[in-house]
Amino acid sequence: MNFNKTLKDIKNQKAGYEDLGFAKVDHHRIKRKGFPEVIYCQGKTPEQVAKIARRIWDHGHDVLATRADRKTFTAVKKVLKRAKYHETARIITYYKEPRRLVAGSLIAVVTAGTADLPVAEEAAVTAEFLGNKVERIYDVGVAGIHRLLDNLPKINKCRVVIVVAGMEGALPSVLGGLIDKPIIAVPTSVGYGASFKGLSALLTMLNSCAPGIGVVNIDNGFGAAALAYSIVRS
């Protein structure tokens, strides 16, 4: 990436983004990050999401919209006929062409429980959108540690491991003591009252004594996938 050229483009309002009134669409994000602007749907109307998606597409970029519901998908599909809705992940995607895989890009997405699937699938679908091959390994939490041990050979083949867990959030620490891969821990809001909607898992992951673990925000599957993509393409 030519940093000086990119910085010049950033300063150039006309080249850098498009002002829709309710949103300023960053058409040059792909030059800085390697992927286009992603639409976060919560807080936006379906019509706003559809208009942003259309402008991103019209500028030659693929579309990824996170935290989307069916109503939003219906609005997007009116302007992008081949848009696809990934219901568990709550993601809308629209591709120009089949994904081109990043070399050596295998990423594992591991969950403690089935209840963590929405966040895990947000990570997995995002990672695939970014051109990564994904190995899904679900429901291998510490309540049945033999399930995790059985899957270690598959996990060890991956470049980066995204670990998604709620409750007490112990799984990243356990896995961190068993493998030499970078781990991105994702706390989820799954759990009973004292889990404090994911805060307990977040604090457990931040206080892990196992080396090589990074932590993203509660329920932030997208952020975990974006970080994993940055690691495998570096």
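Values in this text are rule-based calculations from the coordinates and carry no lab data. Not measured: the values here are computed from a predicted model.
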- Sum of -39500 (n - 2.57) over DSSP H runs of 4+, divided by residues of the chain (222 nm, nearest 500): -11000 deg cm²/dmol
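Can you classify region 42-83 as rounded, prolate or oblate using the Cα gyration tensor, where a ≥ b ≥ c are the square roots of its eigenvalues, rounded means a/c under 1.5, and otherwise it's prolate if a/b beats b/c and oblate if not?
The shape class here is prolate.
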- Note on the structure: Taking a ≥ b ≥ c as the square roots of the Cα gyration tensor eigenvalues, with a/c under 1.5 meaning rounded and otherwise prolate when a/b beats b/c or oblate if not, region 97-154 comes out oblate
- Message: How would the chain be classified by its alpha-carbon gyration tensor: rounded, prolate or oblate, with rounded meaning a/c under 1.5 and the a/b versus b/c comparison settling the rest?
- Response: prolate
- Query: Could you state the number of Å between the C-alpha centres of region 137-200 and region 40-60?
  - Reply: 33 Å
- Message: How tilted is helix 221-233 with respect to the longest principal axis of the chain? Cα atoms for both, answer in degrees (0 to 90, nearest 10).
- Response: 90 degrees
